[in-house]
1. Looking at (1) over 15 Å from Ile122 (Cα atoms); (2) free of Cβ contacts under 8 Å to residues at least 60 places away in the same chain, can you tell me which one Arg157 breaks?
2. Can you tell me which of (1) surrounded by fewer than 18 Cβ atoms within 10 Å (Cβ to Cβ); (2) more than 24 Å from Ile36 (Cβ to Cβ); (3) touching a residue at least 12 places away in the same chain (Cβ under 8 Å) is the one Ala64 doesn't meet?
3. Going through Ser42, Ser50 one at a time, which residue ends up being in contact with a strand residue (DSSP E or B) (Cβ under 7 Å, 6 or more places away or on another chain), at pLDDT 90 or above and either among the hydroxyl-bearing types (Ser, Thr, Tyr) or exposed (fewer than 13 other Cβ atoms within 10 Å of the Cβ) (or both)?
4. Checking Ala118 against (1) out of contact with any Cys (no Cβ under 8 Å at 6 or more places or on another chain); (2) assigned to a strand (DSSP E or B), only one condition comes out false. Which one?
5. Does the range 73-87 contain at least one residue that is closer than 14 Å to Val182 by Cα, modelled with pLDDT of 95 or more and not aromatic (Phe, Trp, Tyr)?
6. Out of Gly99, Gly146, which single residue is within 26 Å of Glu38 (Cα to Cα), within 14 Å of the chain's Cα centre (by Cα) and of a type outside the set (Ser, Thr, Tyr)?
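The values are calculated or read from the model by the stated rules, or taken from the named source; none is laboratory data. Keep in mind that what you see is a predicted model, and the values were worked out from it rather than measured. Using ideal geometry, Cβ is built from the backbone for each residue, glycine included, and neighbour counts are taken over all protein chains shown.
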Amino acid sequence: MTRMHPIAAGALALLISVAPAQAQLSMLCAAGDLDITEADASKLDNLFTSRTRGLAAAMEGENAADREVVSGLFESGLAQAEEDLLAGDYQCRTIKMGGISPLVVYDWFRCEIRPEEAVYTIRKVTGSQNFFGVLRPQGAVWAYQGAGTYGYEEQVRLYGDDPERNQVGCLSAVTKGNQHFVLELPFPQFESFHDVIELRPVR
């Protein structure tokens, strides 16, 4: 009998363990009444496919510590984000799964979540690749609509300013209690299969 490579076996085990809960939560992340393009609506509707493809690639990455980061985020299944997000400053890091490289886990930078009327804004404010967008409540998750910017650009871009910079995704809780989140960006424009922004509040 042919033995499966340990890394491949780990990837399969992770995907099997998270599939039911992750699929259920992913189905709640849909375009709904968001004012977005048809292509971006399709990305949201297929978030589970994007995540599954990304996880399969990530678990074949060579760096064991990076694989452990991803496993820690997804192995227990994501939780519903609470109705009132914790506004304030966050430490955040970007995780790119699949594409150019199987897995890349970047250093921590600074993000912020601010309350607005009926919505929240979310922004990555340090680093070479940043973003700004709006979080809208959508059942058990928060739908994200925003745009990417580069660190050297002075003006914040908004969704629709440049189709190549548009981003859509969903914010979920890693654990209950509004202390640990992931913002998932399905089928990003460049580099990867699935992007994850991990966020922890700055105490």
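1. So the condition that Arg157 fails would be (1).
2. It is condition (3) that Ala64 fails.
3. Details: Ser42 fails: in contact with a strand residue (DSSP E or B) (Cβ under 7 Å, 6 or more places away or on another chain).
On inspection, the qualifying residue turns out to be Ser50.
4. (2)
5. Narrowing the range 73-87 to residues closer than 14 Å to Val182 by Cα: 73-82, 85-86.
Those still in the list that are modelled with pLDDT of 95 or more too: none.
No, the range 73-87 has no match at all.
6. Working: Gly99 fails: within 14 Å of the chain's Cα centre (by Cα).
Being within 26 Å of Glu38 (Cα to Cα), within 14 Å of the chain's Cα centre (by Cα) and of a type outside the set (Ser, Thr, Tyr) holds for just one of Gly99, Gly146, which is Gly146.
One line per residue, one yes/no per condition, for (1) crowded, with 19+ Cβ neighbours inside 10 Å; (2) closer than 30 Å to Arg67 by Cβ:
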position: Gln91; (1), (2): no, yes
position: Glu112; (1), (2): no, yes
position: Ala143; (1), (2): yes, yes
position: Glu153; (1), (2): no, no
position: Tyr159; (1), (2): yes, no
